[in-house]
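Each value in this text was obtained by applying a stated rule to the coordinates, not by laboratory testing. Everything quoted here is computed from the prediction, not taken from an experiment. Don't worry about glycine lacking a Cβ; one is built from the backbone with ideal geometry, like all the others, and counts go over all protein chains shown.
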Amino acid sequence: MKRTFSAALLTALLLSSPVLFSQHTGSYPPGVKKIRDIVIYNDSAYYSAFPSVVKKKDGEFLLAFRRAPNRAIFGEKGTTHVDPNSYLVAMTSKDGESWTQEPGLLYAHAFGGSQDPCLLRLKDGTLLCASYGWAFLRPEAKSSEKVFTHGGNVAFLGGYLVRSTDDGKTWQGPLYPPHVEGDVRETPMGKPLPAYNRGALYEGKNGHIYWSVAVSAPNSEGKSKIGNHLLVSKDKGLTWAYSAPVAVDDKVVFNEASVYETPKGDIISFLRTADFEDFACIARSADGGRTFSKWQSMGFKGHPLQALRLPDNRVLLVYGYRHKPYGIRARILNAECTDFETAPEIVLREDGGSGDLGYPWAVQLNKNRVLVTYYYNINQGTRHIAGTILEIN
C-alpha cells in the first residue's frame, strides 16, 4: 500500500521520539515494573529487524540487527524478509537507553543478503555472531532440486559465523559450520548446506558453546520436515561437532530456537514451531546435550524465544506475539525452567500494527534493570528497532 509523503513524514516524526508508551495497562507480577518503551533506531528508508544485544567486555552494550532498503522508496509494492542488500549492522550504548544515532556495518556477505544476526559474548570477551544468507540468482542460473528457494530466484546459502576478539571493532570470517548429515539441502554452488538457525547460542559452564540448528530431513513418511539438532563447539566457535537430535517430529516443524543452560546443568532448547498452532515448545537434556528427552508444548503461543538469566538465577523468557493484539510478551521462570506452564504471562506491548514484529532479545543493564530489544511497527509503519526497559526485583 502506497503512503503519501505527509503520512510517511508523520510516522517518522512520531517514531523519532525517544520514548513511546505502549497501550498495555494491565498489572504485572510482584517485583516486575515496566519503566518505558524506547525507539533505538528508525529510518523510513530502511526495513530494520531481528535484533540481538550483548554487554561487551568494555561495559558498553552492542546491538546487531538486519537492515535492508524499504522497497517503498523505489515505488515497489512491498518489502520482504529477503533482500540482496540486507546487511548486518550494529549500534552501541553506554547505558542501554541512549544509542549511537547511525549503525555501522558489522558484516556484508559476499554472495547475498544476510539475516538475523545472533550475538554471543564468551567469558573471555570474544564475540560471536551467527547468521545465514540468501543469494539472488539470474534467470539463467542452474541449480539442483536440492536448493531451497524463495520466490523462485532466491536461493538459500545456509549459515555462517563471524568472530571478534577486539570487542567488536573488527570481525573475522565468515566461518562456515558443518553440514548436518541427513539434511537434504544444498547451496546454489552445489555444496552441502552449512548448518544454521536463528536464536541464542549459549556458552556452558564447561566452556562449550551450544547451538540448536535447523535440519531438513525426511520423516517416517519420506516427507522432508525441519527439526532441531544440537551442535557443540569446544574451541570458542572456530569448529563445531554434531551432538544429538533436539526435537524431531513427523507432523510438527521445529525451526528457530534458543539454547540455555540451567544452574543444575540441564541444556534447554526453547523452540519455535509450525503446524502446531504457534505453540512454543521446550526440549531438555540432563546429560550435557548428548541426548534430549521428548519435546513438550509450553502451553502458550509466541515465537521466537530467548532466555536471560537474572541475578537471582530466575530466567526472563521473552517472545513475540503475532496474534491480535500484536506485541511482545515475557514470563519469568524458576532457575531450572520447570514452571513454564504456570508462570504468569507479562504483556510488555500490545500496540503493534501487524504480526510483522517481535524477535525479542534481552540483556541485563544493571542489578535491577533489563532491556528487551525487538523490531516493531506502529499502524503498519516503518519496521524499526525498539526496546522495553523493565525493573525486576
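What ranking of I73, I392 emerges when the number of other C-beta atoms within 10 Å of each C-beta is taken as an exposure proxy, fewest first?
I73, I392
Would you be so kind as to identify which of N85, Y321, V184 lies farthest towards the positive end of the dipole of the chain, taking Lys and Arg as +1 and Asp and Glu as -1 on Cβ and the Cα centre as origin?
Sorting the options by dipole projection puts first N85.
Return the label of the correct value of Cα Rg over 2.2 N^0.38 Å, as calculated from the structure shown, out of (1) 0.94; (2) 1.06; (3) 1.19.
(1)
Fewest to most neighbouring Cβ within 10 Å: what's the order for S297, S27, S258, S354?
Ascending number of Cβ neighbours within 10 Å: S27, S354, S297, S258.
Pull up the cross-link candidates among the aspartates and glutamates for K56, meaning alpha carbon to alpha carbon under 13 Å and not fewer than 8 places away within one chain.
K56 reaches D95, D124, D166, D167.
Could you work out the relative contact order of the range 209-363, using alpha carbon pairs under 8 angstrom and six or more residues apart, expressed as a whole percent?
Averaging sequence separation for qualifying contacts and normalising by length gives 15 percent for the range 209-363.
On a 32 Å Cα-Cα criterion, which of the cross-link pairs K34/K55; K142/K301; K55/K294; K57/K146; K142/K225; K55/K223 come out too long? It would help to have the intermediate numbers written out before the result.
On the way: K34/K55 21 Å; K142/K301 40 Å; K55/K294 34 Å; K57/K146 42 Å; K142/K225 25 Å; K55/K223 42 Å.
Check vs 32 Å cut-off fails for K142/K301; K55/K294; K57/K146; K55/K223.
Excluding E186 itself, what net charge comes from residues whose Cβ is under 15 Å from its Cβ, given Lys and Arg +1 and Asp and Glu -1?
Surrounding charge for E186 is +1.
Could you compute the FRET efficiency for K57 and Q296, with r as their C-beta to C-beta distance and R0 at 35 Å, rounded to 0.05?
0.40
Calculate for the chain the 222 nm mean residue ellipticity that helices alone would give, adding -39,500 (n - 2.57) per DSSP H run of length 4 or more and normalising by residue count, nearest 500 deg cm²/dmol.
Taken over the chain, the calculation gives -1000 deg cm²/dmol.
At a threshold of 8 angstrom on Cα-Cα distance, excluding pairs fewer than six apart, so keeping six or more, what relative contact order does the range 337-383 reach in percent?
36
Just the C-alpha atoms of the range 82-187: what Rg/Rh do they give, with Rh taken as the Kirkwood radius?
Rounded to two decimals, Rg over Rh is 1.04.
Taking N as the number of residues in the range 265-363, what is its alpha-carbon radius of gyration divided by 2.2 N^0.38 Å?
The value comes to 1.07.
Once the other residues with Cβ under 11 Å from the Cβ of L333 are scored (Lys, Arg +1; Asp, Glu -1), what is the net sum?
Working: positive: R309, R314, R331; negative: E336, D339, E341.
Spelling it out: positives minus negatives among the neighbours equals 0.
For the range 21-168, compute Rh as the Kirkwood radius over C-alpha pairs and then the Stokes-Einstein diffusion coefficient at 25 °C and 0.890 mPa s; write the answer in µm²/s, rounded to an integer.
For these conditions, the coefficient is 141 µm²/s.
What is the dipole size for the chain, taken about its Cα centre, with +1 at each Lys and Arg Cβ and -1 at each Asp and Glu Cβ, in debye to the nearest 20?
Roughly 320 debye, rounded to the nearest 20.
Could you order the peptides 271-278, 36-43 from most to least packed, using the average number of other C-beta atoms within 10 Å per residue?
In decreasing order of mean packing, 271-278, 36-43 become 36-43, 271-278.
I want the local charge near Y132. Using Cβ-Cβ distances under 9 Å, sum +1 for each Lys or Arg and -1 for each Asp or Glu among the other residues.
Charge balance in the 9 Å sphere: 0.
If you wrap a convex hull around the Cα atoms of the range 213-281, how much volume per residue is inside, in Å³? Present the calculation step by step, with values, prior to reporting the outcome.
Working: hull volume 6.7 nm³, N = 69.
Cα-based convex hull of the range 213-281, divided per residue, equals 97 Å³.
Can you figure out the FRET efficiency of E345 with R138, using R₀ = 45 Å and their beta-carbon distance, to the nearest 0.05?
Efficiency, from the Cβ-Cβ distance: 0.40.
Give me the percent relative contact order of the chain, please, defined on Cα pairs under 8 angstrom at least 6 residues apart.
Numbers: 1074 pairs, mean separation 58.7, N = 393.
Answer for the chain is 15 percent.
Going by C-beta contacts inside 10 Å, put M189, M298 in order with the fewest on the left.
Fewest-to-most ranking of M189, M298: M189, M298.
With a 10 Å cut-off between alpha carbons and a GNM built on the chain, which of S98, S52, S285 moves the most?
Evaluated over the chain, the most mobile residue of the options is S98.
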